[in-house]
Amino acid sequence: MVDVVLRYYQELRRFLLRQGEDVHTVDDIAQESVTRILHASQTGTEVRNPRGLLYHVARNLLADASRRRQIRAEEPLDNWDDEDLQAGEAQHEEPAAILARKRAAESYINTIRSLPPRCQEAFRMHLYDGLSNDEIAQRMGISSSMVKKHILRAMMACKACRDQHEP
């Protein structure tokens, strides 16, 4: 079954790319589609048409991803620039310290913006919503291990950003 499903993997990726999704979302959906079909076959479910089922699962995951993007009301990072960066400023703080803090915050924002969209989404749910990896995986329609990879990638990027700004 693995060979049969993997035979259609690249074909499925091309199909998903034609649907207008970014490469990272395509990779997540393709991986999750294959994982679900292989899991179904291992649990004894008879898979008569693996290619058809692969596309059916992928279309459902695409629809789920689209709904999540529409439903999820998140504040764009663009809104952080002025008011959030000024929120903690003390009136008696040295201008150099204020400038350094603003530059560091802007650097963090740019670092997070540079991450793939799915990675940003998982990181936000982890950091701001306080969701567990399993909850994030369920909401995003991906595996828990993929959520861990997204969060680890974001945390490593933020650590590298922090290391640049520490004296």
message = Below 8 Å, C-alpha to C-alpha, sequence gap of six or more: please give me the relative contact order for the stretch 95-164 in percent.
response = 38
task = Calculate, for ASP163 and LEU17, the FRET efficiency according to 1/(1 + (r/R0)^6) with r their C-beta to C-beta distance and R0 41 Å; round to the nearest 0.05.
result = 0.70
query = So what's Rg/Rh here for the stretch 92-160, counting alpha carbon atoms and using the Kirkwood radius for Rh?
reply = 1.13
query = Stretched out fully, how many nm does the piece from SER132 to LEU99 gain, at 0.36 nm a residue minus the Cα gap?
reply = 8.4 nm
key: Computed E for TYR9/LYS149 - FRET, C-beta separation, R0 22 angstrom, nearest 0.05   = 0.75
request  = For the stretch 141-154, take each phi angle, set θ = phi - 60°, evaluate the Karplus expression 6.51 cos²θ - 1.76 cosθ + 1.60, and give the result in whole Hz per residue in order, putting x for glycine and proline.
outcome  = x, 10, 6, 5, 5, 5, 4, 4, 5, 4, 5, 4, 4, 5
task = Enumerate the calculated ³J(HN,Hα) couplings along the stretch 21-33 in order (Karplus 6.51 cos²θ - 1.76 cosθ + 1.60, θ = phi - 60°), each rounded to whole Hz, writing x wherever the residue is Gly or Pro.
result = 7, 6, 4, 5, 5, 4, 4, 4, 5, 4, 4, 5, 4
query = Does a label point 7 Å from the Cα of THR35, set along Cα-to-beta-carbon, have any residues of the stretch 133-159 with amide nitrogen under 15 Å, and which are they?
reply = 133-153
Alpha carbon convex hull of the stretch 1-73, volume per residue in cubic angstrom = 84
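All of the numbers you see were taken from the coordinates with simple rules; none came from a lab. The model shown is predicted, which means the values in this text are computed figures rather than measured ones. Virtual Cβ from ideal backbone geometry, glycine too; neighbours counted across all protein chains shown.
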